[in-house]
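S.K.: Here you go, one structure.
The values are calculated or read from the model by the stated rules, or taken from the named source; none is laboratory data. Keep in mind that this is a model prediction, so the values were computed, not measured. Cβ sites come from the backbone with ideal geometry, for glycine too, and all protein chains shown count toward neighbours. What goes into the accessible areas is simple: the full protein's heavy atoms, side chains included, and nothing from ligands, DNA or RNA. Shrake-Rupley method; radii C 1.70, N 1.55, O 1.52, S 1.80 Å.
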Amino acid sequence: MGLFVCLLKFILKILIYFAVFVSVILLIPNLPPYSKFTAIKLEPTQPRSGVLAPNAALNNADKLFTNKLIGPESFLIYNGELYTGLATGEVVKISPGGHITFVTKIGQPCTGLSQEHICGRPLGLEIDEKNNILYVADAYYGIWKVNLKNDKKQLLVLPNEAIDDRYPKIFNDIALDKSGNLYWTHSSSDYDLKDGAMTPLSDPSGRLSFYNSKTNRSNVLVDDLWFPNGVVLSPDSQFVLVSESNRYRLLKYYINGPKKGKTETFAAGLPGIPDNLKVLPDGSGVIVSLYVAFDDENPLLSRTLAATPLARKFLARLIRMIEIPFEFLNEQYPHVILEEIVYKIGHFSSLSGILPQSSGILQLNWDGEIIASYFNTDKSIGTVSDAIVYNDKLYIGSPHSSYIGSVPVPPLLKNAFSKARTGAAATNNAEVKRAQPKVESAPTTKNVKKPETEKVKVAEKIDVPKPAVQKPIAKQPNVGSQQIKKESSKTEKVEVKPNKQEAVVKPKPVETKPIKQETASVPKPVETKPIKEETKPKKVETKPIKEESKPKPVETKPNKKETEAKSKPAESKPIKQESLTKAKTVEPESSKKETKSVPVDPKSTAPKQQTVPQKGTDTVNSKSEPKPVQGKETPSKKSKESDIKQNVVQPEPVKAAKVEKPEVKPSQSKTDKIKVKTPTEPQKPVPDQIPVKEEIPSDRVQPAKETLKVIKKNGPVEIPNPN
């Protein structure tokens, strides 16, 4: 008995303390929220039988665009694309292929959902198809007009401007008439959307208003609505339907006809919280989205509290008193955690745990009769704010989900939306089908014509730009291996030109140009032609071969030119030019050595010229051709042309030619051996260049009687000095 008595006393103490706490909260004056609390009578809920019988038509929903679309609230189809507003403040559109495109944003940049009042929250969407204008009702920023062509925005209804002594809050939905006027709802005059959970506890303070586009002013049509939500205009423009969420009914307000200005109940006792409304495309009725559906087994707490104002007042003040300290701390010491706490306390999303886990859609005709109902009971969708048929699926939006729900279209809704598809959509599909064969035929004809025109253009370019290529080349006299490569890259685009030019022009001007390439100091050289010839076989070997085979009397290849150039006596002139240019660039000692070698070698070098090009030792001749011997300048042409090839690939043999200038003077047999053995040397020029440079100063310092070193494939070899 003692334990039971102690337990009873403990329970009584708790009840007394709780009663004192409740009485203090209820009796203290001027505690927020500053709203009225009166008893409200509601119509009885329609029985869940017949068309309202429980079903699972919306179960097993597919989740589309998961984590890409946060809180899709309402839907609108325009030009075959689906428009929706997000909890992050953006309005986006979805293409039939599933591509998401940004359309506009009314609010400011923000960091997350807890800053919803900064981000903005577009709830209602309407579009003027003729003028390509989008109307957006943002819960925090008012009603805006957006030009879809240039994204210019115009504020139509200000959130900080009072209408009939009250400021509109929670701008919710809009309906556009034929004259460009708007019927719009704001759900509360006491709370913002971030404190929307307080609206079911307080007395009604929402309104249905009318915006006149000519006067740019709004006036109130229906006052004291308990969270008015979706609004639509009848097809005959005789009345407006408004969903009154916290009264679980639909209202009809007449805007034309004998009942103009009167309000009556369109449908009452709905088994859920009505949210957005949507007129069926065939004009047969309207779709009502049920944010939450309830029944006798799963009652709704806010409905039972409607007739108990003191209980609602206590809960509203209690929630507000818990929220105020966190708001104060967040103002003094802003922090993400404090901001998140304030957001969760008053937002609708915090009520998800105490709400029935069911939602649905109702289909009504224009007489207010429920034709069909569709419910979701497996929590695959959650709350439902709007629904529309798109891509042969029923798309379902939810303000607190991170996806769009998708289910097969029920038969009645499919028939209602069929007219819209057979109308504009069908014509669009027909136009697309007509356009597709045109697109397919166009590329086929283009592909056939392009190669023919290109061939003609190439043939024209082959003959015309020949002198144009030579002139810019002659302007650059001092051309190194790097510059030659650049010129070769430029000339690679027109590879056939030089070959045909050679066929038209005799080889005499062609031969003088590669000779000038050796003399880097002469301002008149045209070095690119041999380069072109050499670079051509690398990329397109067949073209130069064919061109060379045609003009047999005038052979364009560097090897054939070398053989012809050696046999012709007219080649002595470019040789003298070479010696002169070399003497200018080379030091005086080297020039003296060259003059000494002139009487010795001209006779001996003549037979060598014939043997060397046959064996392909043009690279070696470049070494033996240097300044001292004038008669060997004909092989130097060959070597220089080959050196140009090597300059494109291996620039080494040009440097090696400087060392072998004095070595050409000894007996012909030795030089012949050198020429025969060194054709492979250009492949390994890097190690040869270093010792060659070192021997030049040694020739100047040491007496001329000492032996000289010659670099061969097997290594350096000493030979007697002719001096």
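S.K.: Hey, TYR140 hits all of (1) at pLDDT below 95; (2) part of a loop (DSSP other than H, G, I, E, B) but one; which does it fall short on?
M.R.: Looking at each condition in turn, TYR140 falls short on (1).
S.K.: For GLY283, all conditions in the list (1) open to solvent by less than 10 Å² (accessible area, probe 1.4 Å); (2) farther than 28 Å from LYS41 by Cβ hold save one; what is the number of the exception?
M.R.: With (1) open to solvent by less than 10 Å² (accessible area, probe 1.4 Å); (2) farther than 28 Å from LYS41 by Cβ applied to GLY283, the lone miss is (1).
S.K.: Continuing with this model, one more query. Tell me which residues, restricted to region 118-134, are surrounded by fewer than 18 Cβ atoms within 10 Å (Cβ to Cβ) and under 30 Å from PRO334 (Cβ atoms).
M.R.: The one that is surrounded by fewer than 18 Cβ atoms within 10 Å (Cβ to Cβ) and under 30 Å from PRO334 (Cβ atoms): ILE118.
S.K.: Then there is this: Can you tell me which of (1) open to solvent by 30 Å² or more (accessible area, probe 1.4 Å); (2) of a type in the set (S, T, N, Q); (3) within 35 Å of the chain's Cα centre (by Cα) is the one SER350 doesn't meet?
M.R.: (3)
S.K.: Take ASN160 and decide whether it is open to solvent by 10 Å² or more (accessible area, probe 1.4 Å) and assigned to a loop (DSSP other than H, G, I, E, B).
M.R.: yes
S.K.: Could you count how many residues in region 330-350 are outside any loop (DSSP other than H, G, I, E, B), out of contact with any helix residue (DSSP H, G or I) (no Cβ under 7 Å at 6 or more places or on another chain) and without any contact (Cβ under 8 Å) to a residue 24 or more places away in the chain?
M.R.: Going through region 330-350 one residue at a time, the tally reaches 3.
S.K.: What are the pairs with Cβ atoms under 8 angstrom where one residue, in region 209-238, is under 19 Å from LEU76 (Cβ atoms) and at pLDDT below 95 and the other, located anywhere, is open to solvent by less than 10 Å² (accessible area, probe 1.4 Å) and part of a loop (DSSP other than H, G, I, E, B)? Sequence gap at least six, or different chains.
M.R.: none
S.K.: How about region 244-281: which of its residues are assigned to a strand (DSSP E or B) and either more than 22 Å from PRO54 (Cα to Cα) or at pLDDT below 95 (or both)?
M.R.: Listed by number, the residues that qualify are GLU244, LEU251, LYS252, TYR253, TYR254, THR263, GLU264, THR265, PHE266, LYS278, VAL279.
S.K.: Residue check: is GLY180 small (Gly, Ala, Ser) and either closer than 28 Å to VAL336 by Cβ or surrounded by fewer than 17 Cβ atoms within 10 Å (Cβ to Cβ) (or both)?
M.R.: Yes.
S.K.: Which residues, taken from region 295-326, are under 44 Å from the mean Cα position of the chain (by Cα) and open to solvent by 40 Å² or more (accessible area, probe 1.4 Å)?
M.R.: Once the filter is applied, which keeps residues that are under 44 Å from the mean Cα position of the chain (by Cα) and open to solvent by 40 Å² or more (accessible area, probe 1.4 Å), region 295-326 yields only PHE326.
S.K.: Still on this structure: With the requirement that a residue be open to solvent by 30 Å² or more (accessible area, probe 1.4 Å) and either outside any strand (DSSP E or B) or farther than 22 Å from HIS117 by Cα (or both), what does region 67-90 give you?
M.R.: Result: ASN67, LYS68, ILE70, ILE77, ASN79, GLY80, GLU81, THR88.
S.K.: Looking only at region 163-202, how many residues end up being in a loop (DSSP other than H, G, I, E, B) and of a type outside the set (A, V, I, L, M, F, W, C)?
M.R.: 16
S.K.: All but one of (1) open to solvent by 30 Å² or more (accessible area, probe 1.4 Å); (2) in contact (Cβ under 8 Å) with a residue 60 or more places away in the chain; (3) closer than 30 Å to SER205 by Cβ; (4) assigned to a helix (DSSP H, G or I) hold for PRO44; state the number of the condition that does not hold.
M.R.: (4)
S.K.: Can you tell me which of GLY180, GLY124, GLY107 is at pLDDT 95 or above and of a type in the set (Gly, Ala, Ser)?
M.R.: Only one candidate qualifies: GLY124.
S.K.: Moving to a separate point now. Applying the selection to region 1-41, what residues are of a type in the set (Phe, Trp, Tyr), within 14 Å of LEU318 (Cβ to Cβ) and either open to solvent by 100 Å² or more (accessible area, probe 1.4 Å) or part of a helix (DSSP H, G or I) (or both)?
M.R.: Residues satisfying the conditions are PHE18, PHE21.
S.K.: Right, next: Which of the residues that make up region 147-157 are outside any strand (DSSP E or B), crowded, with 18+ Cβ neighbours inside 10 Å and either in contact (Cβ under 8 Å) with a residue 60 or more places away in the chain or of a type in the set (Asp, Glu) (or both)?
M.R.: Answer for region 147-157, where residues must be outside any strand (DSSP E or B), crowded, with 18+ Cβ neighbours inside 10 Å and either in contact (Cβ under 8 Å) with a residue 60 or more places away in the chain or of a type in the set (Asp, Glu) (or both): there is none.
S.K.: Working only within region 102-127, note down all residues that are assigned to a helix (DSSP H, G or I) and of a type outside the set (Gly, Ala, Ser).
M.R.: Result: LEU113, GLN115, GLU116, HIS117, ILE118, CYS119.
S.K.: Select from region 91-111 the residues that are open to solvent by less than 60 Å² (accessible area, probe 1.4 Å) and in contact (Cβ under 8 Å) with a residue 24 or more places away in the chain and list them in ascending order.
M.R.: Answer for region 91-111, where residues must be open to solvent by less than 60 Å² (accessible area, probe 1.4 Å) and in contact (Cβ under 8 Å) with a residue 24 or more places away in the chain: VAL91, ILE94, GLY98, ILE100, VAL103, THR104, ILE106, GLY107.
S.K.: Of all residues in region 373-386, how many are surrounded by fewer than 19 Cβ atoms within 10 Å (Cβ to Cβ) and of a type outside the set (S, T, N, Q)?
M.R.: 2
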